[in-house]
Amino acid sequence: MSQVDASETDRLSEAIGRILPALEDFNHFQGQDLAGRQRSTWMAALNQPLPERGVGLDQVLRKLTETIIPNGLRIGSPGFCGWVTTAPTTAGTAATLAAIVAGSQRYFIQPFSYLETVALRWLAELLGLPSDLQGTFTSGGSVANLVGLGAARQRAFERRGHDPARDGLPPDSRWRVYASSEVHHVVTRAAAVLGLGRRAVANIAVDAAQRIDLDHLCEALGADRAKGILPVAIVASAGTVNTGAIDPIEQMAEIASRYDTWLHIDGAYGLFGVLDPRVAPLFRGLERADSVAVDPHKWLAAPIGCGAVFVRDRALLARAFTTEPAEYLEGTAGTREMQSSFDDLGEPHHHFGVEHSAPSRGVRVWAILKEIGAEGIRERVIRHNDFARHLASRVDEDDRLELLTAPTLSICCFRYRPPQLEETKLDDLNTEIARRLRVDGAYVPSTTRVAGKIAIRPCYINPRTSLAEVDGLADRVREIGDSLVPGGIRDVGSPIDRRA
Ligand SMILES: Cc1ncc(COP(=O)(O)O)c(C=O)c1O
């Protein structure tokens, strides 16, 4: 019997010290991003057969520093504004490393599990959520929405004398979840996973500002009620991933109570927007939600893998997600006098979601909020919302750029639109502009569709972004567009000339 494990379990400072310079280099995002173009090189270096004999820690660290880290994904670079996730800031990164080493489970009595509770309380307070909601961290917005809707499902069927967590869904019933056509597709998938089915999600039309149309919502609810269809939940997006639109929460809360159904808010991206006094009134009614999803790994720039959900009814949430007690786990944690960390499981988060073993995530949120305070994140949200407004005004001033919807939060959807070009060519043109932006790599927005039209969609949540990147994007879209459309630049001049 071998007495010594092959893994190194020591030399942590040495190992981390070895990769740190490569990580810091990476974080400066110097030069062009060549990882995509040079993928055959690093893929060949990594695509090796399973080693029968390990090569040892030193070789692993070398591969990390020379091949893997330098080709990493540059979503933290200042000009990247494509998604609603970004690279983490330093405090969250250090806290995550600390949790991996010293708090690698969120159970029992120890500071990392305690910080789950503290960080959830801080988040609720920061975002203006009632203090008595049961919060739990999740891997992200997908699971946060799944958990919120799982609790909604539990309530809806329990009201009909049926326990869906225990018995599954009753075969003789019909049910519906109501959300706008702009709802994030993870909500639709959550309905699939919960056995409600994707088709149970009624895609309610949106108004010109991309918010759910309340008349259509009420019509759908009324028509379904007449047919005996059970309303499981109404989902308000706050804000949407495409444009940042915030559904009218207060009116939806009113409608939910009229139809005796659950109000779930998907605030994965936009809930931090409540910190901007200009936008805060749009979140009126938030306190009436039955469940709320919010992602610290979006605007708070926590390391990826950090979402959260808050549910009004703790007991109901536990009925929806409880795992039966297991001797190996609960058996060690009795009511005896606390003599060891393992005598008490602590807050039973494994009964409030779909994960059993899970990392301690609260410490990331705690570290970030401790570092910059409510003031720091408030200032970031306002700055990013300002960026979107600034870009919108640049677009408005430019006769070759067109705003597709006015920003509510930090997303600005616009397109290049030369006067002489017919509508049918604009989607391809703007798709090509976005492709060229990705090749350049200096400013990387995504595209989306707004009322069927392809839009260039920067979403500002990245703490490293400055106004220079916002102006740079407007200039570059204009330049690329002018280069693609013959006669453009000579006719109207470059935006830089016109502003001078
Ligand atoms: C509004 C909204 N909901 C849900 C999600 C899904 O979150 P995640 O990617 O963390 O699972 C996103 C992701 O961008 C989002 O913007």
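Pick from V485, V477: which is at pLDDT 95 or above and buried (at least 16 other Cβ atoms within 10 Å of the Cβ)? Exactly one residue qualifies, and that residue is V477. When segment 159-195 is filtered for residues that are within 16 Å of the ligand (Cβ to nearest atom), more than 20 Å from V206 (Cα to Cα) and open to solvent by less than 40 Å² (accessible area, probe 1.4 Å), the ones remaining, listed by number, are A190, A191, A192, L194. Would you say T90 is β-branched (V, I, T), out of contact with any Leu (no Cβ under 8 Å at 6 or more places or on another chain) and open to solvent by less than 40 Å² (accessible area, probe 1.4 Å)? Here the answer is no, as T90 does not meet what is asked. For segment 287-299, taking the residues that are open to solvent by less than 10 Å² (accessible area, probe 1.4 Å) and out of contact with any helix residue (DSSP H, G or I) (no Cβ under 6 Å at 6 or more places or on another chain), the one that is farthest from the ligand (Cβ to nearest atom) is identified as A289. If I filter segment 272-286 down to residues being more than 16 Å from the ligand (Cβ to nearest atom) and touching a helix residue (DSSP H, G or I) at 6+ places or on another chain (Cβ under 9 Å), which single residue comes out as nearest to A220 (Cα to Cα)? If we take residues in segment 272-286 being more than 16 Å from the ligand (Cβ to nearest atom) and touching a helix residue (DSSP H, G or I) at 6+ places or on another chain (Cβ under 9 Å), then G285 is nearest to A220 (Cα to Cα).
Residues in segment 231-271 that are polar (S, T, N, Q), within 11 Å of the ligand (Cβ to nearest atom) and open to solvent by 10 Å² or more (accessible area, probe 1.4 Å): N242 only.
Of all the numbered requirements in (1) within 26 Å of F283 (Cβ to Cβ); (2) open to solvent by less than 40 Å² (accessible area, probe 1.4 Å); (3) out of contact with any His (no Cβ under 7 Å at 6 or more places or on another chain), S410 misses one, and that requirement is (3).
Residue check: is P325 within 16 Å of the ligand (Cβ to nearest atom) and surrounded by fewer than 23 Cβ atoms within 10 Å (Cβ to Cβ)? So P325 does not fit the description; no. Looking only at residues in segment 343-396 that are assigned to a loop (DSSP other than H, G, I, E, B) and of a type in the set (A, V, I, L, M, F, W, C), the one that is surrounded by the fewest Cβ atoms within 10 Å (Cβ to Cβ) is V354. Hey, can you tell me all the residues within segment 451-460 that are surrounded by fewer than 20 Cβ atoms within 10 Å (Cβ to Cβ) and not in a loop (DSSP other than H, G, I, E, B)? If the condition is that a residue be surrounded by fewer than 20 Cβ atoms within 10 Å (Cβ to Cβ) and not in a loop (DSSP other than H, G, I, E, B), then K453 is the only one that fits. For segment 313-321, the condition of being touching a strand residue (DSSP E or B) at 6+ places or on another chain (Cβ under 8 Å), within 30 Å of I75 (Cα to Cα) and either at pLDDT 95 or above or outside any loop (DSSP other than H, G, I, E, B) (or both) holds for none of the residues. Per this entry, F80 is counted among residues that are of a type in the set (F, W, Y), within 15 Å of the ligand (Cβ to nearest atom) and either within 23 Å of H184 (Cα to Cα) or open to solvent by less than 20 Å² (accessible area, probe 1.4 Å) (or both). Among residues of segment 415-445 being assigned to a helix (DSSP H, G or I) and of a type in the set (V, I, T), the one that is farthest from P78 (Cα to Cα) is T424. Restricting segment 111-158 to residues that are among the polar types (S, T, N, Q), open to solvent by 10 Å² or more (accessible area, probe 1.4 Å) and within 16 Å of the ligand (Cβ to nearest atom), which is farthest from D290 (Cα to Cα)? Ranking the qualifying residues of segment 111-158, first place goes to S139. In the condition set (1) open to solvent by less than 10 Å² (accessible area, probe 1.4 Å); (2) touching a helix residue (DSSP H, G or I) at 6+ places or on another chain (Cβ under 7 Å), A202 is compliant with all but (1).
The values are calculated or read from the model by the stated rules, or taken from the named source; none is laboratory data. Bear in mind that the values here come from a model prediction, so they are computed numbers and not experimental data. As a convention, Cβ positions derive from the backbone with ideal geometry for all residues, glycine included, and neighbour counts pool all protein chains shown. Surface areas here come from the heavy atoms of the whole protein model, side chains and all, with no ligands, DNA or RNA. Shrake-Rupley method; radii C 1.70, N 1.55, O 1.52, S 1.80 Å.
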